[in-house]
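Notes to accompany the following structure.
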């Protein structure tokens with residue numbers, strides 16, 4: 001009797017151990033699909049005759065990990081005008097899936113990947129991992145048929161070499177559909193300096209243009225209004241801020257940039273950054289900079305702007321719209337306006353906040369998409385880059401959510417402008433180009449979304465400094481191999497932590513900039529040369545694409 | 001928890017074979033076993049089975065490859081962690097915050113419970129209890145938002161400092177102020193809730209003991225020291241052992257919300273550093289390795305303090 005019981009318990013325990021080995025980690029692409037990542041279908045004749053394609057029998061599964069996901073007003077894609085409308089526009093049945101509301105996007109994406117049940121199409125920020133996903137047979141190589149099946153996209157990416165490089169792997173394989181801004185980066189300069197024009201007028205000062213001008217204005221504002229220069233920490237620390245006036249390329253958080261010889265460098269290790277920090281710490285000591293600048297959030301700075309604690313700030317064009325509204329409601333006469341980034345007294349300006357107007361998220365076709373559906377999938381994605389598709393992705397269906405006004409410009413209809421959730425929310429219900437997606441974001445969209453002050457500010461920040469908005473930035477599509485990633489893991493966070501800690505100490509004066517040389521040699525002993533070497537190799541591969 | 005049995009008691013009962021004892025016990029207590037079955041299943045499914053996933057601490061986990069398909073890397077993740085330039089600082093900060101929390105945060109609910117116990121006016125007692133419980137239910141994010149607003153250079157804390165002749169400053173940028181702010185807000189939020197279990201233990205103390213003490217002429221404080229405190233000592237010891245078993249589990253979200261570069265030197269703990277290190281690559285393996293390290297240290301402390309408790313107080317968890 002007892003032997004039987006013992007035996008049963010032992011067997012059960014063993015079985016349990018065996019079952020716990022059953023992890024669901026099967027490799028994708030074993031389910032339906034073609035082996036490897038090369039696509040076929042080059043021989044089959046295309047039956048494409050324009051949109052809608054009338055292929056309602058073809059079902060594509062599309063996972064949207066971020067960006068053009070479901071508006072919070074809708075529970076399913078069927079309710080969403082943008083998503084269901086897109087299906088009608090292209091004439092294909094699409095089964096949409098999104099991360100569960102409230103969950104962490106990155107986790108949801110990784111869960112989707114490891115579930116073994118890949119959709120046909122997915123979107124996420126996978127640019128730097130593209131080669132790995134290709135090697136792991138998750139995504140398809142589209143090179144052979146991209147020109148044939150996505151002619152609009154093909155034409156667009158060949159308008160600029162950066163566009164073409166951004167959508168290929170180092171090996172030259174095209175793999176996805178990227179996000180582009182129509183203007184080549186206008187809205188990538190969505191942050192910049194702002195000032196209260198009414199205070200300038202009251203003090204008979206002109207708009208500051210050089211570092212010395214800034215010095216004068218900061219002192220005047222402090223004296224007359226007891227106001228300091230403020231900024232939300234999340235915008236101040238990682239951006240280049242006004243370091244460009246000193247020929248530098250970074251602020252508090254460690255930043256890598258491309259120097260004039262196409263070499264990758266760490267901004268904080270350069271002597272120009274030391275000069276920049278010397279000026280910043282001087283201003284800090286003189287009490288001209290808001291002490292909370294390292295911890296403040298958007299809302300804290302908004303309150304300060306409203307209470308007159310700051311009249312000179314650095315934030316986004318979206319935020320300044322809020323400040324404008326606050327000022328109007330409070331009737332305090334504040335007139336906020338964007339001003340140019342300062343140059344050095346000798347005219348130096350090496351960099352301002354900006355980019356190439358290329359997103360860092362990719363919409364890709366996976367190996368789970370069978371060959372017979374491949375052309376359809378590629379045509380569906382190509383739609384966004386056609387003339388008609390651009391308008392749909394940005395604004396929705398003509399006559400439904402928008403129409404042309406007398407000046408032949410796009411104008412939203414009452415369906416959008418009088419939406420009870422507000423204009424900004426409504427725009428996301430009918431369009432998918434606001435944040436990121438496989439499409440071209442039209443400048444008109446941003447003009448419709450933002451106030452005049454915000455648009456003028458962005459204009460100032462971008463057009464006045466256009467040539468230094470992007471060529472110093474490291475493109476988001478630079479990829480690293482697994483070995484390179486692993487090697488960098490050993491050094492990256494230590495370097496990042498050390499740089500931001502020391503930069504803070506330099507700013508607040510806790511440490512004198514005389515120890516700058518020690519700072520650089522410490523960085524070198526922390527593995528900075530190895531990191532630069534790896535980043536350089538990756539960047540060179542990018543240039544060679 | 002169990003008290004130590006008298007020596008020799010074990011020798012007295014004749015030991016029947018295990019199988020027989022189990023089946024007898026089962027027949028006798030069928031429904032108790034049935035009651036505990038769902039909990040057992042829950043533990044097996046959510047605590048034991050996932051332990052298999054710890055294996056990714058020794059691999060380089062890639063979601064697309066799954067647990068099986070990811071390559072083995074041995075102790076690489078652990079080496080990455082221990083060789084990090086900031087490893088000792090992280091360890092020091094984690095232990096500091098944890099030990100200071102225990103030093104100040106552990107006695108606080110006990111003291112509150114003892115004080116509440118002395119209140120005769122039930123209406124007042126209940127009001128105090130409700131008021132002290134309430135902060136527990138406020139979301140941590142809201143509390144941290146409040147703290148950040150108060151700590152600003154023009155915030156409440158600075159205004160109070162100025163009243164006492166000090167300088168206005170951003171208190172969350174001052175490394176010397178981080179621990180006090182962290183611990184005091186922790187106490188404020190948890191003191192009411194954590195005192196509940198002590199208040200419950202207090203009700204189990206025999207009231208006759210108090211009568212006897214009063215007859216013997218003991219004052220209120222002496223009664224507290226000699227009757228109340230020993231009465232809840234078992235509860236205190238068990239909770240203390242449990243607390244030590246979580247020694248490396250410092251409040252990750254709270255520190256993440258409150259810290260900034262100026263306070264990294266004292267506030268950057270293991271979990272926040274790993275968060276920064278991992279966020280770039282979704283480094284699950286690295287996180288798993290550090291988590292494994294955390295668990296091993298926690299279990300070690302749990303075992304040590306369990307033994308100490310057994311030896312010196314006759315009370316232990318297992």
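The values are calculated or read from the model by the stated rules, or taken from the named source; none is laboratory data. Nothing here was measured: the structure is a model prediction, and the numbers come from that model. Every residue, glycine as well, gets a Cβ built from its backbone with ideal geometry; the counts of neighbours run over all protein chains shown.
Restricting attention to strands (runs of 3 or more DSSP E) lying wholly within region A:262-365, give those where 2 or more residues are in contact with a strand residue (DSSP E or B) (Cβ under 9 Å, 6 or more places away or on another chain), assigned by TED's automatic domain parsing to the domain that holds residue A:167 and surrounded by 17 or more Cβ atoms within 10 Å (Cβ to Cβ).
A:358-365
Within region B:143-155, how many residues are in contact (Cβ under 8 Å) with a residue 40 or more places away in the chain and either over 30 Å from the mean Cα position of the chain (by Cα) or buried (at least 19 other Cβ atoms within 10 Å of the Cβ) (or both)?
2
Quick one: which of A:193, A:99 is at pLDDT 90 or above, under 30 Å from residue A:320 (Cα atoms) and surrounded by 20 or more Cβ atoms within 10 Å (Cβ to Cβ)?
Only one candidate qualifies: A:193.
Just name the residue that is farthest from the other protein chains (Cβ to nearest Cβ) out of those in region B:93-102 that are touching a helix residue (DSSP H, G or I) at 6+ places or on another chain (Cβ under 9 Å) and surrounded by fewer than 19 Cβ atoms within 10 Å (Cβ to Cβ).
Within region B:93-102, the match that is farthest from the other protein chains (Cβ to nearest Cβ) is B:102.
Does at least one position in region B:41-54 carry a residue that is touching a residue at least 60 places away in the same chain (Cβ under 8 Å), surrounded by 14 or more Cβ atoms within 10 Å (Cβ to Cβ), outside any helix (DSSP H, G or I) and within 12 Å of another protein chain (Cβ to nearest Cβ)?
Within region B:41-54 (the criterion being touching a residue at least 60 places away in the same chain (Cβ under 8 Å), surrounded by 14 or more Cβ atoms within 10 Å (Cβ to Cβ), outside any helix (DSSP H, G or I) and within 12 Å of another protein chain (Cβ to nearest Cβ)), the answer is no, since none of the residues qualifies.
Do we have residue A:517 as part of a helix (DSSP H, G or I) and away from every other protein chain (no Cβ under 14 Å) here?
Criteria met by residue A:517.
Which of the following residues is within 14 Å of chain B (Cβ to nearest Cβ), closer than 30 Å to residue A:391 by Cβ and in contact (Cβ under 8 Å) with a residue 24 or more places away in the chain: A:476, A:500, A:470?
Among A:476, A:500, A:470, only A:476 is within 14 Å of chain B (Cβ to nearest Cβ), closer than 30 Å to residue A:391 by Cβ and in contact (Cβ under 8 Å) with a residue 24 or more places away in the chain.
With the condition kept exactly as written, say whether any residue in region A:235-248 is touching a helix residue (DSSP H, G or I) at 6+ places or on another chain (Cβ under 6 Å) and assigned to a loop (DSSP other than H, G, I, E, B).
Yes; the residues of region A:235-248 include at least one that is touching a helix residue (DSSP H, G or I) at 6+ places or on another chain (Cβ under 6 Å) and assigned to a loop (DSSP other than H, G, I, E, B).
Within region B:247-259, can you find the residues that are within 13 Å of the chain's Cα centre (by Cα), in a loop (DSSP other than H, G, I, E, B) and under 22 Å from residue B:142 (Cα atoms)?
If the condition is that a residue be within 13 Å of the chain's Cα centre (by Cα), in a loop (DSSP other than H, G, I, E, B) and under 22 Å from residue B:142 (Cα atoms), then B:249, B:250, B:251 are the ones that fit.
Restricting attention to region B:58-98, which residues are touching a residue at least 24 places away in the same chain (Cβ under 8 Å), farther than 30 Å from residue A:139 by Cβ and in a helix (DSSP H, G or I)?
B:78, B:81, B:89, B:90, B:91, B:93, B:94, B:95, B:96, B:97, B:98
When you scan region A:167-186, do you find a residue that is more than 20 Å from the chain's Cα centre (by Cα), crowded, with 18+ Cβ neighbours inside 10 Å, under 30 Å from residue A:283 (Cα atoms) and at pLDDT 90 or above, even just one?
So far as region A:167-186 goes, no, none of its residues is more than 20 Å from the chain's Cα centre (by Cα), crowded, with 18+ Cβ neighbours inside 10 Å, under 30 Å from residue A:283 (Cα atoms) and at pLDDT 90 or above.
Test of understanding: among A:485, A:493, which residue is buried (at least 19 other Cβ atoms within 10 Å of the Cβ), within 11 Å of chain B (Cβ to nearest Cβ) and over 20 Å from residue B:261 (Cβ atoms)?
Going through A:485, A:493 in turn, just one is buried (at least 19 other Cβ atoms within 10 Å of the Cβ), within 11 Å of chain B (Cβ to nearest Cβ) and over 20 Å from residue B:261 (Cβ atoms): A:485.
If you scan region B:260-279, which residues turn out to be in a loop (DSSP other than H, G, I, E, B), modelled with pLDDT of 90 or more and either facing chain A (nearest Cβ under 9 Å) or touching a strand residue (DSSP E or B) at 6+ places or on another chain (Cβ under 9 Å) (or both)?
Residue satisfying the conditions is B:268 alone.
Table: residues versus (1) under 18 Å from residue A:71 (Cα atoms); (2) part of a helix (DSSP H, G or I).
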| site | (1), (2) |
| --- | --- |
| A:394 | yes, yes |
| A:407 | no, no |
| A:411 | no, no |
| A:415 | yes, yes |
| A:420 | yes, no |
| A:438 | yes, no |
| A:455 | no, yes |
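Report yes if some residue within region B:227-246 is outside any helix (DSSP H, G or I), in contact with a helix residue (DSSP H, G or I) (Cβ under 7 Å, 6 or more places away or on another chain) and within 14 Å of chain A (Cβ to nearest Cβ); otherwise report no.
no
Considering only region B:185-192, I want to know if a residue exists there that is in contact with a helix residue (DSSP H, G or I) (Cβ under 8 Å, 6 or more places away or on another chain) and over 30 Å from residue B:261 (Cβ atoms).
Checking region B:185-192: at least one residue is in contact with a helix residue (DSSP H, G or I) (Cβ under 8 Å, 6 or more places away or on another chain) and over 30 Å from residue B:261 (Cβ atoms).
Condition first: on the phi < 0 side of the Ramachandran plot, within 14 Å of chain B (Cβ to nearest Cβ) and more than 21 Å from the chain's Cα centre (by Cα). Can you find one or more residues in region A:259-275 that meet it?
Within region A:259-275, one or more residues are on the phi < 0 side of the Ramachandran plot, within 14 Å of chain B (Cβ to nearest Cβ) and more than 21 Å from the chain's Cα centre (by Cα).
Going by what's in this entry, would residue A:257 be described as part of a helix (DSSP H, G or I) and closer than 30 Å to residue A:492 by Cβ?
So residue A:257 does not fit the description; no.
Could you check region A:79-167 for helices (runs of 4 or more DSSP H) lying wholly inside it with 3 or more residues that are within 30 Å of residue A:425 (Cα to Cα) and within 11 Å of another protein chain (Cβ to nearest Cβ)?
A:105-114
Which of the residues that make up region B:280-318 are in contact (Cβ under 8 Å) with a residue 40 or more places away in the chain, surrounded by fewer than 19 Cβ atoms within 10 Å (Cβ to Cβ), touching a helix residue (DSSP H, G or I) at 6+ places or on another chain (Cβ under 7 Å) and part of a loop (DSSP other than H, G, I, E, B)?
Of everything in region B:280-318, those that are in contact (Cβ under 8 Å) with a residue 40 or more places away in the chain, surrounded by fewer than 19 Cβ atoms within 10 Å (Cβ to Cβ), touching a helix residue (DSSP H, G or I) at 6+ places or on another chain (Cβ under 7 Å) and part of a loop (DSSP other than H, G, I, E, B) turn out to be B:282, B:317, B:318.
Against the conditions (1) surrounded by fewer than 18 Cβ atoms within 10 Å (Cβ to Cβ); (2) within 14 Å of another protein chain (Cβ to nearest Cβ); (3) touching a residue at least 60 places away in the same chain (Cβ under 8 Å), where does residue B:140 fall short? Just the number, please.
Here residue B:140 clears every test but (2).
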